[in-house]
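Q: After the C-alpha coordinates below, expect a handful of questions from me.
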Amino acid sequence: MGPGAWRALLLLLLLRTVAAHRPPRSHSLRYLFMGASVPDLGLPLFEALGYVDDQLFVSYSHESRRAEPRAPWVWGGAASQLWLQLSQSLKGWDHMFIVDFWTIMDNHNRSKVPPSVKVTHHVASAVSTLRCQALSFYPRSITMKWLKDRQPLDAKDVEPEDVLPNGDGTFQGRVALAVAPGEERRYACQVEHSGLDQPLTATWEAPVPGTVLIGVVSGIAVCITLFFTGILFRILRKRQASRGAMGDYVLAECK
(Lines give C-alpha, C1' and ligand atoms only; values in the text may rest on other atoms or scores of the structure.)
Protein backbone atom coordinates (compact mmCIF):
# COMPACT_ATOMS: atom_id res chain seq x y z
CA MET A 1 0.00 0.00 0.00
CA GLY A 2 1.55 3.28 -1.14
CA PRO A 3 1.99 6.44 0.93
CA GLY A 4 -1.01 8.10 -0.76
CA ALA A 5 -3.27 5.21 0.13
CA TRP A 6 -2.05 5.23 3.75
CA ARG A 7 -2.80 8.97 4.02
CA ALA A 8 -6.26 8.47 2.54
CA LEU A 9 -6.96 5.60 4.97
CA LEU A 10 -5.70 7.64 7.93
CA LEU A 11 -7.88 10.61 6.88
CA LEU A 12 -10.92 8.31 6.56
CA LEU A 13 -10.36 6.88 10.04
CA LEU A 14 -9.90 10.38 11.44
CA LEU A 15 -13.12 11.58 9.85
CA ARG A 16 -15.01 8.57 11.21
CA THR A 17 -13.60 9.23 14.69
CA VAL A 18 -14.58 12.91 14.56
CA ALA A 19 -18.01 12.08 13.15
CA ALA A 20 -18.60 9.60 15.94
CA HIS A 21 -18.13 12.33 18.52
CA ARG A 22 -20.05 15.10 16.68
CA PRO A 23 -23.77 15.23 16.06
CA PRO A 24 -24.76 15.33 12.37
CA ARG A 25 -25.44 18.79 10.96
CA SER A 26 -27.12 20.07 7.79
CA HIS A 27 -25.34 21.73 4.88
CA SER A 28 -26.49 24.54 2.61
CA LEU A 29 -26.31 24.71 -1.17
CA ARG A 30 -27.05 27.98 -2.94
CA TYR A 31 -26.39 29.66 -6.28
CA LEU A 32 -25.87 33.30 -7.15
CA PHE A 33 -26.92 34.39 -10.65
CA MET A 34 -25.67 37.68 -12.08
CA GLY A 35 -26.09 39.38 -15.44
CA ALA A 36 -24.97 42.55 -17.19
CA SER A 37 -26.76 44.48 -19.93
CA VAL A 38 -23.48 45.91 -21.26
CA PRO A 39 -20.84 43.15 -21.37
CA ASP A 40 -18.33 45.56 -22.96
CA LEU A 41 -17.57 46.90 -19.47
CA GLY A 42 -15.72 43.68 -18.64
CA LEU A 43 -18.62 41.93 -16.92
CA PRO A 44 -19.95 38.64 -18.30
CA LEU A 45 -23.41 38.66 -19.86
CA PHE A 46 -24.35 35.90 -17.44
CA GLU A 47 -22.46 34.38 -14.51
CA ALA A 48 -23.41 31.78 -11.90
CA LEU A 49 -21.59 31.00 -8.66
CA GLY A 50 -22.35 27.94 -6.51
CA TYR A 51 -21.65 27.71 -2.79
CA VAL A 52 -21.68 24.88 -0.24
CA ASP A 53 -21.68 26.18 3.31
CA ASP A 54 -20.51 29.59 2.00
CA GLN A 55 -17.56 27.96 0.18
CA LEU A 56 -17.35 28.58 -3.57
CA PHE A 57 -17.20 25.27 -5.41
CA VAL A 58 -18.33 26.05 -8.99
CA SER A 59 -18.52 28.97 -11.40
CA TYR A 60 -20.14 29.37 -14.83
CA SER A 61 -20.06 32.17 -17.36
CA HIS A 62 -21.87 32.82 -20.64
CA GLU A 63 -18.54 33.07 -22.44
CA SER A 64 -17.12 29.70 -21.35
CA ARG A 65 -20.48 27.83 -21.45
CA ARG A 66 -19.22 25.25 -18.92
CA ALA A 67 -19.02 24.72 -15.18
CA GLU A 68 -15.57 25.28 -13.67
CA PRO A 69 -14.56 23.65 -10.33
CA ARG A 70 -13.45 26.18 -7.69
CA ALA A 71 -12.68 23.93 -4.69
CA PRO A 72 -9.96 21.25 -4.34
CA TRP A 73 -12.44 18.60 -3.27
CA VAL A 74 -14.30 19.02 -6.58
CA TRP A 75 -11.38 18.68 -8.98
CA GLY A 76 -11.32 14.92 -8.86
CA GLY A 77 -14.99 14.65 -9.84
CA ALA A 78 -15.10 17.38 -12.49
CA ALA A 79 -15.48 14.74 -15.23
CA SER A 80 -18.22 12.75 -13.51
CA GLN A 81 -21.79 12.37 -14.79
CA LEU A 82 -23.08 14.48 -11.91
CA TRP A 83 -20.79 17.35 -12.92
CA LEU A 84 -21.93 17.12 -16.54
CA GLN A 85 -25.55 17.35 -15.37
CA LEU A 86 -24.65 20.42 -13.33
CA SER A 87 -23.10 22.05 -16.41
CA GLN A 88 -26.24 21.36 -18.46
CA SER A 89 -28.42 22.81 -15.70
CA LEU A 90 -26.38 26.02 -15.59
CA LYS A 91 -26.59 26.29 -19.37
CA GLY A 92 -30.36 26.14 -19.03
CA TRP A 93 -30.32 28.98 -16.51
CA ASP A 94 -28.08 30.93 -18.88
CA HIS A 95 -30.60 30.55 -21.72
CA MET A 96 -33.55 31.49 -19.50
CA PHE A 97 -31.74 34.61 -18.33
CA ILE A 98 -31.04 35.77 -21.91
CA VAL A 99 -34.67 35.23 -22.96
CA ASP A 100 -36.09 36.98 -19.88
CA PHE A 101 -33.59 39.81 -20.23
CA TRP A 102 -34.57 40.64 -23.81
CA THR A 103 -38.27 40.31 -22.93
CA ILE A 104 -37.82 42.89 -20.17
CA MET A 105 -35.84 45.18 -22.46
CA ASP A 106 -38.51 44.91 -25.17
CA ASN A 107 -41.24 45.85 -22.71
CA HIS A 108 -39.12 48.71 -21.41
CA ASN A 109 -38.58 50.07 -24.91
CA ARG A 110 -42.34 50.02 -25.45
CA SER A 111 -43.00 52.11 -22.38
CA LYS A 112 -42.76 55.26 -25.70
CA VAL A 113 -46.70 54.35 -26.69
CA PRO A 114 -49.33 57.16 -25.87
CA PRO A 115 -53.06 56.76 -26.51
CA SER A 116 -55.05 58.37 -29.27
CA VAL A 117 -58.33 59.72 -27.88
CA LYS A 118 -61.67 60.41 -29.52
CA VAL A 119 -65.21 61.13 -28.32
CA THR A 120 -68.26 59.83 -30.18
CA HIS A 121 -71.97 60.62 -29.79
CA HIS A 122 -74.82 58.10 -29.72
CA VAL A 123 -78.57 58.66 -29.39
CA ALA A 124 -80.98 55.84 -28.50
CA SER A 125 -84.50 56.08 -27.06
CA ALA A 126 -84.18 59.84 -26.51
CA VAL A 127 -81.01 59.30 -24.44
CA SER A 128 -77.80 61.07 -25.47
CA THR A 129 -74.56 59.21 -24.65
CA LEU A 130 -70.97 60.38 -25.03
CA ARG A 131 -68.36 57.67 -25.37
CA CYS A 132 -64.67 58.38 -24.87
CA GLN A 133 -62.17 55.93 -26.41
CA ALA A 134 -58.41 55.71 -25.79
CA LEU A 135 -56.74 53.53 -28.42
CA SER A 136 -53.40 51.71 -28.83
CA PHE A 137 -51.58 52.66 -25.62
CA TYR A 138 -48.97 50.91 -23.42
CA PRO A 139 -48.61 50.17 -20.54
CA ARG A 140 -52.09 49.22 -19.35
CA SER A 141 -52.39 51.76 -16.53
CA ILE A 142 -54.52 54.74 -17.62
CA THR A 143 -56.90 57.29 -16.06
CA MET A 144 -59.99 58.44 -17.97
CA LYS A 145 -62.44 60.93 -16.49
CA TRP A 146 -65.18 63.31 -17.63
CA LEU A 147 -65.20 67.06 -17.15
CA LYS A 148 -68.27 69.29 -17.16
CA ASP A 149 -67.53 72.94 -17.76
CA ARG A 150 -63.85 72.03 -17.10
CA GLN A 151 -64.65 70.59 -13.66
CA PRO A 152 -64.31 66.84 -12.84
CA LEU A 153 -67.56 64.95 -12.47
CA ASP A 154 -68.37 62.81 -9.45
CA ALA A 155 -67.29 59.21 -10.07
CA LYS A 156 -70.77 57.92 -9.18
CA ASP A 157 -72.23 59.72 -12.22
CA VAL A 158 -69.78 58.06 -14.64
CA GLU A 159 -69.64 54.48 -15.89
CA PRO A 160 -66.44 52.68 -14.78
CA GLU A 161 -63.71 52.72 -17.37
CA ASP A 162 -63.15 49.50 -19.30
CA VAL A 163 -59.60 48.57 -20.40
CA LEU A 164 -59.10 45.66 -22.81
CA PRO A 165 -55.99 44.22 -24.53
CA ASN A 166 -55.41 44.50 -28.25
CA GLY A 167 -53.87 41.73 -30.31
CA ASP A 168 -50.59 43.60 -30.80
CA GLY A 169 -49.71 43.99 -27.11
CA THR A 170 -51.25 47.45 -26.68
CA PHE A 171 -54.49 48.30 -24.87
CA GLN A 172 -57.71 50.21 -25.46
CA GLY A 173 -59.97 51.87 -22.94
CA ARG A 174 -63.37 53.50 -22.96
CA VAL A 175 -65.71 55.31 -20.60
CA ALA A 176 -69.28 56.46 -21.31
CA LEU A 177 -71.50 59.21 -19.94
CA ALA A 178 -75.23 59.89 -20.33
CA VAL A 179 -75.96 63.62 -20.79
CA ALA A 180 -78.98 65.82 -21.43
CA PRO A 181 -79.66 66.30 -25.16
CA GLY A 182 -78.23 69.57 -26.39
CA GLU A 183 -75.57 69.84 -23.63
CA GLU A 184 -72.96 67.57 -25.20
CA ARG A 185 -70.56 70.44 -25.86
CA ARG A 186 -70.26 71.16 -22.11
CA TYR A 187 -68.48 67.86 -21.50
CA ALA A 188 -64.90 66.79 -22.20
CA CYS A 189 -62.92 63.59 -21.69
CA GLN A 190 -59.54 63.90 -19.94
CA VAL A 191 -56.97 61.10 -20.26
CA GLU A 192 -53.79 60.68 -18.21
CA HIS A 193 -51.12 58.16 -19.25
CA SER A 194 -47.39 57.68 -18.76
CA GLY A 195 -46.88 58.06 -22.52
CA LEU A 196 -48.31 61.61 -22.41
CA ASP A 197 -46.33 64.64 -21.29
CA GLN A 198 -49.54 66.18 -19.95
CA PRO A 199 -53.22 65.16 -19.69
CA LEU A 200 -55.01 64.96 -23.02
CA THR A 201 -58.51 66.45 -23.35
CA ALA A 202 -60.95 65.57 -26.13
CA THR A 203 -64.51 66.76 -26.87
CA TRP A 204 -67.26 65.67 -29.20
CA GLU A 205 -67.23 67.60 -32.43
CA ALA A 206 -70.72 68.03 -33.87
CA PRO A 207 -70.89 67.46 -37.63
CA VAL A 208 -70.89 70.58 -39.79
CA PRO A 209 -74.40 71.34 -41.22
CA GLY A 210 -73.02 71.51 -44.74
CA THR A 211 -71.59 68.04 -44.34
CA VAL A 212 -74.96 66.71 -43.20
CA LEU A 213 -76.70 68.37 -46.17
CA ILE A 214 -74.20 66.89 -48.61
CA GLY A 215 -74.73 63.46 -47.07
CA VAL A 216 -78.52 63.75 -47.37
CA VAL A 217 -78.31 64.94 -50.97
CA SER A 218 -75.91 62.14 -51.84
CA GLY A 219 -78.26 59.61 -50.29
CA ILE A 220 -81.25 60.95 -52.26
CA ALA A 221 -79.22 60.87 -55.46
CA VAL A 222 -78.28 57.24 -54.87
CA CYS A 223 -81.91 56.30 -54.22
CA ILE A 224 -83.09 58.05 -57.41
CA THR A 225 -80.39 56.33 -59.44
CA LEU A 226 -81.38 52.92 -58.09
CA PHE A 227 -85.07 53.65 -58.76
CA PHE A 228 -84.58 54.55 -62.44
CA THR A 229 -82.14 51.66 -62.89
CA GLY A 230 -84.84 49.29 -61.67
CA ILE A 231 -87.44 50.77 -64.03
CA LEU A 232 -85.05 50.48 -66.98
CA PHE A 233 -84.26 46.88 -66.08
CA ARG A 234 -87.98 46.00 -66.02
CA ILE A 235 -88.60 47.63 -69.42
CA LEU A 236 -85.75 45.66 -70.99
CA ARG A 237 -87.04 42.43 -69.46
CA LYS A 238 -90.54 43.04 -70.91
CA ARG A 239 -89.16 43.79 -74.37
CA GLN A 240 -87.07 40.64 -74.32
CA ALA A 241 -90.07 38.57 -73.26
CA SER A 242 -92.24 40.08 -76.03
CA ARG A 243 -89.63 39.28 -78.69
CA GLY A 244 -89.44 35.70 -77.48
CA ALA A 245 -93.24 35.28 -77.69
CA MET A 246 -93.38 36.69 -81.24
CA GLY A 247 -90.68 34.32 -82.36
CA ASP A 248 -92.61 31.31 -81.09
CA TYR A 249 -95.79 32.51 -82.89
CA VAL A 250 -94.06 32.86 -86.30
CA LEU A 251 -92.55 29.40 -86.11
CA ALA A 252 -95.92 27.89 -85.28
CA GLU A 253 -97.52 29.69 -88.24
CA CYS A 254 -94.95 28.39 -90.69
CA LYS A 255 -95.72 24.79 -89.80
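Q: Of everything in region 49-60, what is β-branched (Val, Ile, Thr) and over 24 Å from His95 (Cβ atoms)? Give them in sequence order.
A: Of everything in region 49-60, just one residue is β-branched (Val, Ile, Thr) and over 24 Å from His95 (Cβ atoms), namely Val52.
Q: Sort through Pro199, Pro181 and tell me the only one that's more than 30 Å from Ser61 (Cα to Cα), without any contact (Cβ under 8 Å) to a residue 24 or more places away in the chain and not basic (Lys, Arg).
A: None of the other options fit; the residue is Pro199.
Q: Determine the pairs where a residue that is loosely packed, with under 14 Cβ neighbours inside 10 Å and in a helix (DSSP H, G or I), located within region 86-105, has a partner that is of a type in the set (Lys, Arg) and modelled with pLDDT under 80 with Cβ atoms under 6 Å apart, the partner being 6 or more residues away or on another chain.
A: none
Q: Same structure again: Restricting to region 142-152, give me the number of residues that are within 10 Å of Ala188 (Cβ to Cβ) and in a loop (DSSP other than H, G, I, E, B).
A: Qualifying residue count for the region: 2.
Q: Return the residues of region 58-85 that are loosely packed, with under 15 Cβ neighbours inside 10 Å and polar (S, T, N, Q); say none if nothing qualifies.
A: Ser64, Ser80, Gln81, Gln85
Q: Please enumerate the residues belonging to region 121-141 that are in a strand (DSSP E or B) and more than 21 Å from Arg185 (Cβ to Cβ).
A: Leu135, Ser136, Phe137, Tyr138
Q: In region 148-166, what residues are in contact with a Ser or Thr (Cβ under 9 Å, 6 or more places away or on another chain) and closer than 15 Å to Arg131 by Cβ?
A: Those that are in contact with a Ser or Thr (Cβ under 9 Å, 6 or more places away or on another chain) and closer than 15 Å to Arg131 by Cβ: Glu161, Val163.
Q: Turning to a different aspect of this structure: In region 151-172, how many residues are at pLDDT 90 or above and loosely packed, with under 10 Cβ neighbours inside 10 Å?
A: The number of residues fulfilling the criteria is 2.
Q: Let me confirm something: among Val191, Val179, Val175, which residue is crowded, with 17+ Cβ neighbours inside 10 Å and over 28 Å from the mean Cα position of the chain (by Cα)?
A: Only one candidate qualifies: Val179.
Q: Further question on the same structure: Do any residues in region 61-73 that are under 16 Å from Gln88 (Cβ atoms) and free of Cβ contacts under 8 Å to residues at least 12 places away in the same chain have Cβ atoms under 6 Å from those of residues that are among the small types (Gly, Ala, Ser) and surrounded by 13 or more Cβ atoms within 10 Å (Cβ to Cβ), where the two are at least six apart or on different chains, and which pairs are they?
A: Going by the 6 Å Cβ cut-off, the qualifying pairs are Glu68/Ser59.
The values are calculated or read from the model by the stated rules, or taken from the named source; none is laboratory data. Note that this is a predicted model, so its numbers are computed, not measured. Reconstructed Cβ throughout: ideal geometry from the backbone, glycine too, with neighbour counts over all protein chains shown.
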